[in-house]
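To start, the structure itself, in structure tokens.
Where a number appears in this text, it was derived from the coordinates with a stated rule and is not lab data. No experiment lies behind these values; they were computed from the predicted model shown. For neighbour counting, all protein chains shown are included, and Cβ atoms are generated from backbone atoms with ideal geometry for every residue, glycine included.
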Amino acid sequence: MIVEDTLRNVVKGDDVTGFQLGVRLPYYRGLGLSMVEDVQVTVDGETAPASAVSLTVHGNTYKLTDLPGVFDDRWEMGEIATVAVDKPGGLGLGEHSVAVRERLRISYMPVPGGGADQKVLTLQD
Amino acid sequence: MLNIAHQIKRGVSFYSYQEECFLKKMSLEDCVSEAASIGALGLEVIPEQSITGYPDPGEAFYRTWDGWMQQYGTTTVATDLFLDTKRYPGRVMTLDEMTASVRKDLDIAKRMGARNVRAIINTPPEVMEACASYAEKLGLKLLLEVHAPFHYEHPWVIRHLEVMHRLQSPALGFMPDMGTFVERFPRVMSDRALRDGARPHFVELAVETYNSRGDVHGLMDTFNYMGANPVEQGIARLSTFLTWNDPRGMLEHLPLIHHIQAKFYEMTDEGVEYSIPYEKIIPVLIEGGYQGYLSSEYEGNRHIQDIFEVDSVEQVRRQHRMFERLLGEGSPTENAGVAAGASTQGGHSVR
């Protein structure tokens with residue numbers, strides 16, 4: 001799910017406003033975004049609040065908290081989406097322990113599906 | 001060699017190549033070309049997997065697809081629909097919304113030149129009924145998948161049978177998944193549980209209970225009493241999702257069966273499926289006069305990806321060499337030639 005070599009800080013103007021990384025859906029088809037219930041990002045033991053997370057698929061950016069209402073866009077099979085987390089100052093250079101947990105509402109399964117992944121990524125500037 | 005005439009054809013579901021497609025090692029055209037190269041000329045496609053921009057990929061995609069079918073000599077035999085009944089947070093789709101969703105998938109199937117559409121098992125009988133005449137108009141068959149742990153005597157499937165028998169629509173029927181005929185516990189699953197931390201005596205008990213047709217549903221309780229860890233509980237649960245049924249049970253329903261998902265978990269070096277006895281299944285299909293496709297569905301990928309590089313291409317090739325043998329395709333000399341040629345291109349074994 002977590003894609004190697006994708007951890008970066010997000011810079012706007014002179015400020016580092018947060019960080020981002022690439023993730024995939026742990027699933028064999030694409031899924032409408034309204035069924036992506038959660039993308040939880042934990043870095044070095046700190047879990048980002050949902051309100052600070054946004055998701056970009058093929059150029060379209062959505063706040064995580066708005067996904068339940070997105071009925072006209074999908075996260076394609078194997079597509080690397082960019083998950084961005086607002087965090088003033090971003091992350092320090094070097095290695096970080098990154099965990100991502102995705103919860104998906106799959107209609108033919110009685111309980112939510114999804115998956116979790118954990119990797120050590122090196123932040124490059 | 002087999003000398004009985006039959007009309008069974010070979011195909012492949014691109015579900016089989018999902019690992020390579022997910023990792024972008026194979027393009028959609030690579031899937032078409034690979035299937036064609038092993039004589040699996042009937043393609044089964046999951047539009048939500050293979051078509052960027054589903055459900056509206058645009059005319060250019062369909063033109064490219066049609067071009068590949070001509071170029072490689074393949075045909076689209078089936079598409080698989082999913083019914084996202086939980087699309088809207090907090091409520092389930094209405095029957096009208098489900099019907100509209102299925103019709104949209106029927107339109108896509110028609111445009112791709114398919115003749116069969118897989119209705120996922122959670123499709124309500126009312127929706128099948130509401131879509132039957134639409135499918136008829138398009139010349140398509142809307143086929144309910146019969147997937148483990150479901151079977152033809154299951155109350156949900158009986159409700160579907162009631163609709164099929166009452167409507168007598170040529171458009172409605174079944175698409176059984178050969179995963180309902182798991183005779184032996186798949187080794188890829190038990191090995192994975194051991195790697196994930198299940199203790200051998202738990203795994204042995206689950207495998208032995210399954211293989212001897214014991215009480216797999218009682219295993220969860222037994223395992224709890226034995227102090228099972230989560231992985232061990234997982235393998236107990238898994239053993240209730242697997243089913244063995246006598247393949248002869250299909251004979252009664254064969255007039256309603258128009259496509260078959262030839263599920264497999266592991267083609268061994270000896271050229272047989274470890275857990276699903278195709279040597280018992282295929283003669284039943286021949287006896288019943290089945291005229292559709294055997295559509296390869298490789299599902300071992302997820303059970304070995306922690307330790308091996310998945311080689312779906314080689315696994316599917318092996319299944320087709322087995323099909324050729326069991327279907328009596330070609331002369332023995334030709335078969336040997338095909339096998340030798342494919343094995344030199346095959347890459348490494350997954351086991």
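Residues whose amide H comes within less than 5 Å of that of B:ILE260, counting only those at least five positions distant or on another chain, are B:TYR293, B:SER295 (H built at 1.01 Å from N in the peptide plane). Applied to region B:22-39, the Karplus parametrisation 6.51 cos²θ - 1.76 cosθ + 1.60 on θ = phi - 60° returns per-residue 3J(HN,Hα) values of 4, 8, 6, 7, 10, 8, 4, 5, 4, 4, 4, 5, 5, 4, 4, 5, 9, x Hz, with x for Gly and Pro.
Couplings 3J(HN,Hα) of region A:49-62, computed from phi: x, 3, 5, 9, 10, 9, 10, 10, 10, 5, x, 9, 10, 10 Hz, in residue order, whole Hz [Karplus 6.51 cos²θ - 1.76 cosθ + 1.60, θ = phi - 60°; x for Gly and Pro]. For a test of the definition: using alpha carbon positions, the gyration tensor, and the 1.5 limit on a/c, classify region B:48-105 as rounded, prolate or oblate. Verdict is prolate for region B:48-105.
Rounded to the nearest 5, what is the percent of antiparallel bridges among the DSSP beta bridges in chain B? Could you put the intermediate results ahead of the total?
On the way: 2 of 33 bridges.
Approximately 5 percent, going by the DSSP bridge assignments.
Annotation: lysines with alpha-carbon distance below 18 angstrom to A:LYS87 (same-chain offsets under eight excluded): A:LYS12, A:LYS63.
Can you give the FRET efficiency to the nearest 0.05 for B:GLU136 and A:HIS58, using r as the Cβ-Cβ distance and R₀ = 45 Å?
Step by step, r from the Cβ atoms, then E = 0.75.
Computed on region B:1-93, with alpha-carbon pairs under 8 angstrom and 6+ residues apart, the relative contact order is 28 percent. In order along region B:53-69, the phi-based Karplus estimate (6.51 cos²θ - 1.76 cosθ + 1.60, θ = phi - 60°) of 3J(HN,Hα) comes to x, 3, x, 10, x, x, 4, 4, 4, 5, 5, 4, 4, 4, x, 5, 4 Hz; Gly and Pro are listed as x.
Dividing the mean sequence gap of close Cα pairs (under 8 Å, 6+ apart) by how many residues region A:1-123 holds gives a relative contact order of 34 percent. Amide H contacts of A:VAL16 (H built 1.01 Å from N, in plane; Pro and chain starts excluded): A:GLY89 sit under 5 Å, all sequence-distant by 5 or more or on other chains.
If you count, for every residue in B:78-89, the Cβ atoms of partner chains within 10 Å of its Cβ, what is the mean?
On the way: counts 0, 0, 1, 0, 5, 2, 8, 3, 9, 7, 7, 7.
The shielding value for this peptide is 4.
How would you classify chain B from its alpha-carbon gyration tensor, with a ≥ b ≥ c the square roots of the eigenvalues: rounded for a/c under 1.5, else prolate if a/b is greater than b/c, otherwise oblate? It comes out rounded by the Cα gyration axes.
Distances between placed amide hydrogens fall under 5 Å for B:ASP80 paired with B:VAL45, B:ILE46, B:ARG118, all partners being 5 or more residues away or on another chain.
When each of B:HIS253, B:HIS201, B:HIS160, B:HIS151 is scored by the number of other beta-carbon atoms lying within 10 Å, the sequence from fewest to most is B:HIS201, B:HIS151, B:HIS253, B:HIS160.
Within region B:31-56, which residues have the backbone N less than 12 Å from the label spot 7 Å out from B:ASP107 along Cα→beta-carbon, could you tell me? Residues passing the 12 Å test: B:55-56. Mean-square fluctuation check for chain B, GNM, Cα pairs under 10 Å: which of B:THR268, B:THR240, B:THR52 is largest? Maximum among the listed residues: B:THR52. Across B:PRO125, B:PRO155, B:PRO89, mean-square fluctuation computed from a Gaussian network of chain B (C-alpha pairs under 10 Å connected) peaks at B:PRO89.
So how do A:MET35, B:MET26 line up by other beta-carbon neighbours within 10 Å, fewest first? Please report the intermediate quantities before stating the final value.
Values: A:MET35 24, B:MET26 19.
Exposure proxy ranking, most exposed first: B:MET26, A:MET35.
One Cα centroid belongs to region B:60-121, the other to region A:5-78; the line between them spans 28 Å.
Would you mind ranking A:LYS87, B:LYS25, B:LYS86 by Cβ crowding within 10 Å, fewest neighbours first? Display every interim value, and only then the final one.
Values: A:LYS87 17, B:LYS25 14, B:LYS86 20.
Ordered from fewest to most neighbouring Cβ atoms within 10 Å, A:LYS87, B:LYS25, B:LYS86 come out as B:LYS25, A:LYS87, B:LYS86.
Are there chymotrypsin sites (Phe, Trp or Tyr not before Pro) in region A:1-95 that DSSP marks as loop and that have at most 14 other Cβ atoms within 10 Å, and which are they? It would help to have the intermediate numbers written out before the result.
Numbers: sites: A:PHE19, A:TYR27, A:TYR28, A:TYR62, A:PHE71, A:TRP75; in loops: A:TYR27, A:TYR28, A:PHE71.
Filter output for region A:1-95: A:PHE71.
GNM on chain A, alpha-carbon springs under 10 angstrom: the most fluctuating residue among A:VAL39, A:VAL53, A:VAL11 is A:VAL11.
A P(r) calculated from all alpha carbon pairs of region B:231-311, with 5 Å bins opening at zero, reads 3, 12, 18, 22, 18, 13, 8, 5, 1 percent.
Contact order normalised by length for chain B, with contacts defined as Cα pairs under 8 Å and 6 or more residues apart; what percent is it? Could the numbers behind the result be given before it?
Values: 555 pairs, mean separation 70.4, N = 351.
Computed over chain B, the figure is 20 percent.
Length available on full extension from B:THR52 to B:THR94: 0.36 nm per residue minus the Cα-Cα distance, which gives 12.4 nm. Computed over the alpha carbons of the protein assembly as shown, Rg followed by Dmax gives 23.4, 78 Å. Taken as Cα centroids, region B:149-198 and region B:290-322 sit 18 Å apart, rounded to the nearest whole angstrom. Of all DSSP bridge pairs formed entirely within the protein assembly as shown, close to 60 percent run antiparallel.
Where in region B:208-257 are there trypsin sites (Lys or Arg not before Pro) that are in a DSSP coil and have at most 12 other Cβ atoms within 10 angstrom of their Cβ?
Working: sites: B:ARG213, B:ARG237, B:ARG248; in loops: B:ARG213.
Here the trypsin sites (Lys or Arg not before Pro) that fit, given the DSSP loop and packing criteria, are B:ARG213.
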